[in-house]
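Take a look at the structure set out below.
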């Protein structure tokens with residue numbers, strides 16, 4: 001009889017650990033959805049938190065960050081709760097809360113298990129990580145937008161090309177307004193197209209050879225021919241700088257008409 005009770009206790013314990021791991025796994029998947037607004041991601045996390053606790057039928061949750069507060073369905077503050085601060089750079093910026101709206105048997109921390117305290121600590125840490133990542137991405141996006149605005153207001157023709165070991169696989173990742181207007185293309189028609197469609201192939205190959213021969217130094221302006229949409233060729237002088245971003249190599253090409 002005692003052996004059966006021990007087995008039941010072990011089984012319940014294992015089931016609780018599986019629930020906790022599943023909750024953390026689902027949060028990790030939400031964190032990977034980089035295109036989702038932060039508030040939406042926080043709401044999705046709040047929705048799944050009750051399933052990680054021992055008594056999900058009476059459990060609800062709330063995540064607060066700044067002026068944002070999101071809750072699980074049918075949220076109601078209860079007298080039995082666990083709260084953990086969301087800490088970023090050593091300062092509390094929000095909270096993760098789990099509430100029981102009805103009394104449940106006492107455990108380690110009121111009706112809550114010690115493992116559930118450890119779980120909410122880990123969840124608060126992941127929420128902090130999510131907020132930090134999204135804020136960094138937003139700052140990078142704003143910086144990129146300002147940079148593109150700057151390029152679009154320059155008189156020079158500017159293109160950014162992602163470098164490949166094979167020149168025929170090199171792709172244009174940015175073309176400023178001056179370049180697009182000169183060639184008669186919309187930006188959507190150039191960005192994503194092969195660099196070989198933008199330049200005279202023979203002269204572009206010679207341009208790349210000159211860059212390689214310079215061995216990291218500026219090689220000075222080189223002649224190039226740009227292919228316009230109306231099939232005319234436009235002569236330019238081009239200079240280039242090498243860039244490496246996220247382990248990918250790019251050419252930042254600045255051109256002037258001749």
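Read the figures in this text as sums done on the coordinates, not as results from a lab. The model shown is predicted, which means the values in this text are computed figures rather than measured ones. Glycine gets a Cβ as well: all are built from the backbone with ideal geometry, and neighbour counts include every protein chain shown.
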- Task: Starting from the Kirkwood radius over alpha-carbon pairs of region 2-135, derive D by Stokes-Einstein at 10 °C in a medium of 1.306 mPa s and give it in µm² s⁻¹.
- Result: 103
- For the chain: relative contact order, % (alpha-carbon pairs under 8 angstrom, 6 or more apart): 11
- Query: What is the distance, in nm, between label points placed 7 Å from the Cα along the Cα-to-Cβ direction at residue 21 and at residue 168?
  - Reply: 5.0
- Item | Model label zone, residue 193; criterion: amide N under 18 Å from point 7 Å along Cα-to-beta-carbon; scope region 220-242 | 224-236
- Message: Viscosity 1.306 mPa s, temperature 10 °C: what is the translational diffusion coefficient of the chain from Stokes-Einstein with a Kirkwood Rh over Cα pairs, rounded to a whole number of µm²/s?
- Response: 70
- Message: Among 61, 41, 196, which one shows the highest mean-square fluctuation when the chain is modelled as a Gaussian network with alpha-carbon springs under 10 Å?
- Response: 196
- Per-residue ellipticity at 222 nm attributable to helices in the chain (runs of n ≥ 4 DSSP H, -39500 (n - 2.57) apiece, nearest 500 deg cm²/dmol) works out to -14000 deg cm²/dmol
- In this structure, the FRET efficiency calculated for residue 109 and residue 145 from their beta-carbon separation, with R0 = 41 Å, to the nearest 0.05, is 0.30
- Message: Please compute the modelled spin-label separation between residue 77 and residue 206, points set 7 Å along Cα→Cβ, answer in nm with one decimal.
- Response: 7.6
- Query: To the nearest Å, what is the center-to-center distance of region 77-100 and region 165-242, using C-alpha atoms only?
  - Reply: 54
- Task: Measure off 7 Å from each Cα along the Cα-to-Cβ vector at residue 28 and residue 136, then give the distance between these two points in nanometres to one decimal.
- Result: 1.8
- Taking every alpha carbon pair in region 148-257 and sorting the distances into 10 angstrom bins from 0 up to the bin holding the longest one, the percent per bin comes out as 15, 53, 30, 2
